[in-house]
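Chemist: First, the structure itself, so that you have it in front of you.
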Amino acid sequence: MQLNMLATELYGQYSTETGESLTKAFEDIYYKTIFDRQQAAGHGGEFGRISTHQIQAATSTAWKGKNYSERIWGDQRKSLARYVDRIVTSGVIQGSSNGEMTAQLQAAMNTHAYQARRLIRTEHSQVASKANLLAYQENETPRFQFRAVLDYRTSEICREMDGKVFLVSDGKVGINMPPLHPFCRSKTVPYRPDDELDADDTRVARNGSGETYQVPASMTYRDWYDAHVKGHADELLAEQKYKNGGTDAQQYAQYKSALGKKAPRTLDQFQNLKYTDPAAWDALKSQYRSQNYQNRKSGE
């Protein structure tokens, strides 16, 4: 009961602070979008100030069925409470030590920390889109363009959406405005035809090493991928390592457990060997199978 009361108290504070963060983000993005548009046009103009009511309405409106508060209280707190109840109850029945139960609860909390980050980043994305949409309407911007992030981490749906143009009157979060999925990093910008772009108009791209560089603003994701990723071994390797990172980490843990110091020292070394050195990879797999056999034979 005390653990559940503590979880309720903590999630109440989390909900309040998340709401304050989203409210500030909405206001900042709304005015910055208007400023950027007027700066690009070379002149200022009148625009409406947003009210507290408008901000609250935008940040509390349900997205994909729930707003941020409902996601916190409806999903995370309840599931965490179930984790706590299951760990403590089963631990008492099975005679688990305090250390063992602490480790299990630590694992549950780490999972929920990830879910919390995903929730906040995704909710921030949808609030940013709503602020942009309101600013587009205020500026009488007729159309907007979907912009994905130019790196190998971008989802397939955002890759396909990159560069597409929509009427502001048709703008809808989750359909043609971010977020299209959890952790979505895409955004929208006021649309400018290619013939109105200058040579100095660029957008940012990121290579497999995390370094950023500039490409023409008119370049779409597919154009960028064909020019800067396809045919470039280092970039394709970085993409493959990222996409298979989760399963590779689990596999590496198994190899590390069986082989000990004979296994590659890091996950990065493990992936490099797996994807770039077929002969060494075959040898490592053979060594792993042999060690597993010896372990089973000795009862380890």
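Chemist: Can you name the helices of the chain, as whole DSSP H runs, whose Cα span along the helix axis is 18 Å or more and whose Kyte-Doolittle mean is not below -0.5?
Modeler: On the way: long enough: 2-41 (59 Å, -0.57); 78-94 (24 Å, 0.19); 98-139 (60 Å, -0.72); 245-259 (20 Å, -0.91); 278-298 (30 Å, -1.72).
Long hydrophobic helices here: 78-94.
Chemist: When you count, for each residue, the other Cβ atoms within 10 Å and take the mean per peptide, how do 29-36, 187-194, 88-95 rank with the highest first?
Modeler: In descending order of packing, they fall as 29-36, 187-194, 88-95.
Chemist: In what sequence, highest mean first, do 96-108, 168-180, 234-246 appear when ranked by Cβ atoms within 10 angstrom?
Modeler: 168-180, 234-246, 96-108
Chemist: State the percentage of accessible surface on the stretch 112-193 attributable to carbon and sulfur atoms; use a 1.4 Å probe and exclude ligands, DNA and RNA.
Modeler: Exposed carbon and sulfur together represent 52 percent of the surface.
Chemist: Can you give me the accessible area per residue for the chain, using a 1.4 Å probe, in Å²? Show your work: numbers first, answer last.
Modeler: Numbers: 17900 Å² over 300 residues.
Solvent-accessible surface per residue comes out at 60 Å².
Chemist: Moving to a separate point now. For Arg203, enumerate residues with amide H under 5 Å from its amide H, sequence gap 5+ or separate chain, H modeled in the peptide plane.
Modeler: For Arg203, whose amide H was placed from the backbone, the distant partners under 5 Å are Val215, Ala217.
Chemist: Can you tell me which lysines have their Cα less than 30 Å from the Cα of Lys172? Leave out same-chain residues fewer than eight positions away.
Modeler: Cα-Cα hits under 30 Å: Lys24, Lys32, Lys64, Lys66, Lys130, Lys164, Lys187, Lys243.
Chemist: Then there is this: Return the Cα extents of the chain along principal axes one, two and three, sorted largest first, each rounded to a whole Å.
Modeler: 79, 57, 25
Chemist: Further question: Please give the calculated 222 nm ellipticity per residue for the chain, where each DSSP H segment of at least 4 residues contributes -39500 (n - 2.57) and the sum is spread over every residue; nearest 500 deg cm²/dmol? Please list the in-between numbers first.
Modeler: Details: 11 runs with 183 residues, N = 300.
Result for the chain: -20500 deg cm²/dmol, rounded to the nearest 500.
Chemist: Within straight cross-link reach of Lys261, meaning Cα distance under 20 Å, which aspartates and glutamates are found once same-chain residues fewer than 8 apart are removed?
Modeler: By straight Cα distance, Lys261 reaches Asp248, Asp277, Asp282, Glu300.
Chemist: Which whole-number percent is the relative contact order of the chain (Cα, under 8 Å, 6+ apart)?
Modeler: Over the chain, the number comes to 14 percent.
Chemist: Are there GluC sites (Glu not before Pro) in the stretch 118-206 that DSSP puts in a loop and that have at most 10 other Cβ atoms within 10 Å, and which ones? Walk me through the numbers on the way to the answer.
Modeler: Numbers: sites: Glu123, Glu138, Glu140, Glu156, Glu160, Glu196; in loops: Glu140.
Filter output for the stretch 118-206: Glu140.
Chemist: While we're looking at this one, here's another question. Based on DSSP, what percent of beta bridges with both residues in the chain are antiparallel, to the nearest 5? Please list the in-between numbers first.
Modeler: On the way: 13 of 15 bridges.
So the antiparallel bridges in the chain amount to around 85 percent.
The values are calculated or read from the model by the stated rules, or taken from the named source; none is laboratory data. Quantities reported herein were computed from a predicted structural model and do not represent experimental measurements. Every residue, glycine among them, receives a Cβ derived from its backbone with ideal geometry; neighbour counts consider all protein chains shown. Note: areas computed on protein heavy atoms with side chains; ligands, DNA, RNA excluded. Shrake-Rupley method; radii C 1.70, N 1.55, O 1.52, S 1.80 Å.
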